[in-house]
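Structure record follows, encoded as structure tokens.
The values are calculated or read from the model by the stated rules, or taken from the named source; none is laboratory data. Keep in mind that what you see is a predicted model, and the values were worked out from it rather than measured. Using ideal geometry, Cβ is built from the backbone for each residue, glycine included, and neighbour counts are taken over all protein chains shown.
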Amino acid sequence: MSAGRLSMEPTTVKLTEYSHGAGCGCKIAPDVLSRILAGEPSEKMRAAFPELLVGHHSRDDAAAVELPDGQVILSTTDFFMPVVDDPYDFGRIAATNAISDIYAMGGKPLVAVAILGWPVNVLDPAIANLVIRGGRDACSALGFALAGGHSIDAPEPIFGLAVTGIVPPLNLKLNSAAKAGDCLLLTKPVGIGIHTTAEKQRHLQAVHAGLATEFMCQANTIGTKLSEISAVHALTDVTGFGLAGHLLEVCDGAGLDATLNVSRIPELPALDDYIAKGCVPGGTERNHTAYGAALPELTHREKAILCDPQTSGGLLIAVAETAVHEVQAMLHDDGLPQEVIGTLSTRSGAT
């Protein structure tokens with residue numbers, strides 16, 4: 001052990017012991033975020049920057065700027081504290097999660113830069129090297145470079161990316177474009193927050209070890225393909241606000257209501273067992289407190305699943321009923337869930 005720094009083998013460190021939050025569960029609660037962003041007039045911004053097609057006001061997944069040649073550039077950033085103990089996996093998950101915002105807008109990532117906060121007097125820099133390597137490998141596997149970044153000395157480990165992407169104008173997918181009658185599909189199972197909490201509490205069954213990590217490292221590349229279908233009206237990735245929270249963002253953006261068939265929502269295994277053991281992350285209650293008034297009365301199980309903060313979750317698809325079979329065939333070819341989990345309808349005043 002060197003003076004002033006805790007040195008340990010990268011293979012033995014447990015990163016989650018060095019952070020108070022985990023993954024997308026670190027997000028500021030939606031109601032608090034609304035207060036932070038209050039008072040910024042969208043009309044004034046649009047008038048000053050007509051090339052800005054999408055800013056933060058619509059709660060979409062990335063900013064979108066139209067270039068003079070008509071192409072649309074996407075820009076996003078996402079970072080968080082460790083959701084798993086393994087440094088390399090943490091890097092892969094954080095990178096995959098950040099890149100997902102580009103796919104959720106229908107785009108293709110072009111380049112990324114890293115955001116790293118590291119407690120340099122507590123954790124060996126060699127461990128941070130593994131985190132960055134995981135992020136770099138995630139980008140390389142998707143065909144683009146992690147080209148640089150910025151780092152600071154921080155009290156807790158933080159990692160993520162700022163990603164730039166591109167999308168043809170007609171393929172840009174916005175929450176506000178969802179339509180009444182659209183069917184809803186989800187490309188990954190929910191329950192990631194429950195599984196990772198079960199792992200921290202040492203309740204995770206051996207057969208489920210690594211399952212959440214596998215899904216968190218699964219890139220949402222299907223978004224680029226789905227964007228070519230005009231009847232796919234909206235896409236968003238399900239992350240820290242949970243399925244219910246991100247669905248509400250779509251509903252609010254488009255002025256619609258949603259009906260979900262909870263029994264059809266894809267789930268990670270053994271959620272009932274883990275919920276019964278109390279393996280529910282703190283972000284679940286924060287989410288429900290923030291937007292529960294817009295939801296019907298939920299059972300304990302429904303709240304635990306619908307408000308479960310996901311890290312690098314799947315894409316929520318809003319597609320016209322006439323194109324559902326086309327989308328399901330595309331999802332089948334990629335080995336993704338194909339169930340219709342709900343529908344959108346004209347807003348009646350209650351969600």
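Any residue at all in segment 220-240 that is touching a Lys or Arg at 6+ places or on another chain (Cβ under 9 Å), over 21 Å from A62 (Cα atoms) and in the same structural domain as R286 (by TED's automatic domain parsing)?
no
Working carefully through the options K225, K188, find the one that is buried (at least 22 other Cβ atoms within 10 Å of the Cβ) and under 25 Å from S140 (Cβ atoms).
K188
For a quick check of your reading of the model, give me the residue pairs whose first member lies in segment 55-68 and is within 14 Å of D101 (Cβ to Cβ) and among the hydroxyl-bearing types (S, T, Y), whose second is outside any loop (DSSP other than H, G, I, E, B) and at pLDDT 75 or above, with beta-carbon atoms closer than 9 Å and at least 6 apart or on different chains.
These pairs meet every condition: S58/N175; S58/S176; S58/E249; S58/G253.
Report whether or not F144 is touching a residue at least 60 places away in the same chain (Cβ under 8 Å) and in contact with a strand residue (DSSP E or B) (Cβ under 8 Å, 6 or more places away or on another chain).
It is false that F144 is touching a residue at least 60 places away in the same chain (Cβ under 8 Å) and in contact with a strand residue (DSSP E or B) (Cβ under 8 Å, 6 or more places away or on another chain).
Go over the candidates A104, A95, A64 one by one and state the one that is closer than 17 Å to T164 by Cβ, crowded, with 24+ Cβ neighbours inside 10 Å and in contact with a Cys (Cβ under 9 Å, 6 or more places away or on another chain).
Criteria check complete, one pass: A95.
In segment 159-173, which residues are among the polar types (S, T, N, Q) and over 11 Å from M105 (Cα atoms)?
Matches in segment 159-173: T164 only.
Take G253 and decide whether it is at pLDDT below 95, in contact with a Leu (Cβ under 9 Å, 6 or more places away or on another chain), assigned by TED's automatic domain parsing to the domain that holds A293 and closer than 18 Å to A294 by Cβ.
It is true that G253 is at pLDDT below 95, in contact with a Leu (Cβ under 9 Å, 6 or more places away or on another chain), assigned by TED's automatic domain parsing to the domain that holds A293 and closer than 18 Å to A294 by Cβ.
For segment 153-206, how many residues meet the condition of being among the hydroxyl-bearing types (S, T, Y) and under 27 Å from D85 (Cα atoms)?
3
Examine segment 312-325 for a residue that is among the acidic types (D, E) and within 24 Å of M105 (Cβ to Cβ), and state whether such a residue exists.
Among the residues of segment 312-325, at least one is among the acidic types (D, E) and within 24 Å of M105 (Cβ to Cβ), which makes the answer yes.
Can you name every residue in segment 293-313 that is of a type outside the set (D, E) and out of contact with any helix residue (DSSP H, G or I) (no Cβ under 8 Å at 6 or more places or on another chain)?
Within segment 293-313, A293, P296, T299 meet the criteria.
Of the conditions (1) free of Cβ contacts under 8 Å to residues at least 40 places away in the same chain; (2) over 21 Å from the mean Cα position of the chain (by Cα); (3) within 19 Å of T236 (Cβ to Cβ), A154 clears all except one; give me its number.
So the condition that A154 fails would be (3).
So the check is Cβ under 6 Å with 6+ separation or different chains; which pairs have a first residue in segment 278-306 that's more than 20 Å from E199 (Cα to Cα) and a second one that's of a type in the set (F, W, Y)?
N287/F241
Please specify each residue of segment 208-238 satisfying the condition of being free of Cβ contacts under 8 Å to residues at least 12 places away in the same chain and in a loop (DSSP other than H, G, I, E, B).
A209, G210, listed by residue number.
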